[in-house]
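Here's the structure, in structure tokens; my notes come after.
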Amino acid sequence: MKKLSFIVLLAAAMPVFADRMPLPADTPASFRNECGSCHLAYPPALLAAADWQRTMAGLKDHFGSDASAGTQAEREIADFLARHAGSANKLGSAGSPPRISQTERFTRKHREVPARYWRDPRVKSAANCEACHRDAANGRFSEHDIAIAELRR
Ligand code: HEC
Ligand code: HEC
């Protein structure tokens with residue numbers, strides 16, 4: 001068992017950022033069920049409206065998976081994402097296909113995370129928020145809620 005001692009001393013130097021992003025009260029069940037079945041139901045504010053649109057338009061071939069959810073659910077989800085999308089200016093480019101983990105804001109926020117944590121097999125992907133943010137399902141992304149110690153098995 002490899003021990004991962006963790007950082008988190010960086011907090012004091014960090015500028016203020018939204019570290020609490022619970023899903024909005026009007027989140028449709030379809031979003032939780034469809035978009036939360038393979039990964040975290042990501043907070044809608046972490047991508048800009050145009051990037052959510054692109055994501056929703058490409059669900060048939062979604063990162064190698066078929067994530068289509070049916071016309072009605074997809075429309076409901078798309079409307080929801082449009083209502084709560086983040087600011088394109090603040091987030092920066094999300095790449096193509098759009099990824100929260102490719103936005104300039106994400107990169108900036110994670111600049112101090114040592115490379116070995118991204119490479120850890122228990123993290124696998126930057127999209128796997130819960131590997132590090134143990135309470136991500138409740139929208140908590142504070143540096144105080146990070147427990148890489150939780151990665152210990
Ligand atoms: C069948 C499984 C599946 C479903 C259902 C699914 N996704 Fe995904 N999604 C994936 C996979 C696989 C990835 C790539 C994960 C990785 O790179 O580790 C991904 C990645 C993403 C990313 C990029 C994550 C990042 O920042 O790197 C977004 C945004 C996303 N999905 C949104 C959605 C939305 C919105 C829905 C609902 C309409 C949805 N997903 C439903 C499988 C799914
Ligand atoms: C390898 C571990 C790891 C993964 C995976 C990860 N994060 Fe983080 N994240 C961190 C750490 C550590 C910090 C605190 C950075 C700091 O304070 O310097 C952080 C900070 C943040 C912040 C800023 C919080 C604040 O207080 O300002 C947000 C928002 C965030 N992460 C969201 C996400 C999202 C969304 C995902 C998935 C798409 C994700 N993170 C994936 C480790 C991770």
- Item | Under-5 Å amide H pairs with LEU47, H placed in peptide plane, nonlocal only | GLY86
- Task: With θ set to phi - 60°, apply the Karplus curve 6.51 cos²θ - 1.76 cosθ + 1.60 along the stretch 102-108 and write out the HN-Hα couplings as whole Hz, x wherever there is a Gly or Pro.
- Result: 10, 5, 4, 5, 4, 4, 5
- Item | Derived scalar couplings ³J(HN,Hα) [the stretch 22-36; Karplus, 6.51 cos²θ - 1.76 cosθ + 1.60; whole Hz; x for Gly, Pro] | x, 4, x, 4, 8, 5, x, 4, 4, 5, 4, 6, 6, 8, x
- Ranked from highest to lowest mean number of other Cβ atoms within 10 Å per residue, what is the order of the peptides 135-145, 59-69? 135-145, 59-69
- Message: Run the numbers for ARG105 and HIS144: contour at 0.36 nm per residue of separation, minus the present Cα-Cα distance, in nm.
- Response: 12.1 nm
- Item | Radius 10 Å from Cβ of ALA136, net charge of other residues (Lys, Arg +1; Asp, Glu -1) | -1
- Task: Under 12 Å from the Cβ of GLU74, count the other residues' Cβ atoms, weight Lys and Arg +1, Asp and Glu -1, and hand me the total.
- Result: -1
- Message: Net charge around GLN102, counting only other residues with Cβ within less than 13 Å of its Cβ (Lys, Arg = +1; Asp, Glu = -1)?
- Response: +3
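Since every read-out is calculated from the coordinates, none of them should be taken as a lab result. Bear in mind the structure is a predicted one, so any value in this text is a computation, not a measurement. For neighbour counting, all protein chains shown are included, and Cβ atoms are generated from backbone atoms with ideal geometry for every residue, glycine included.
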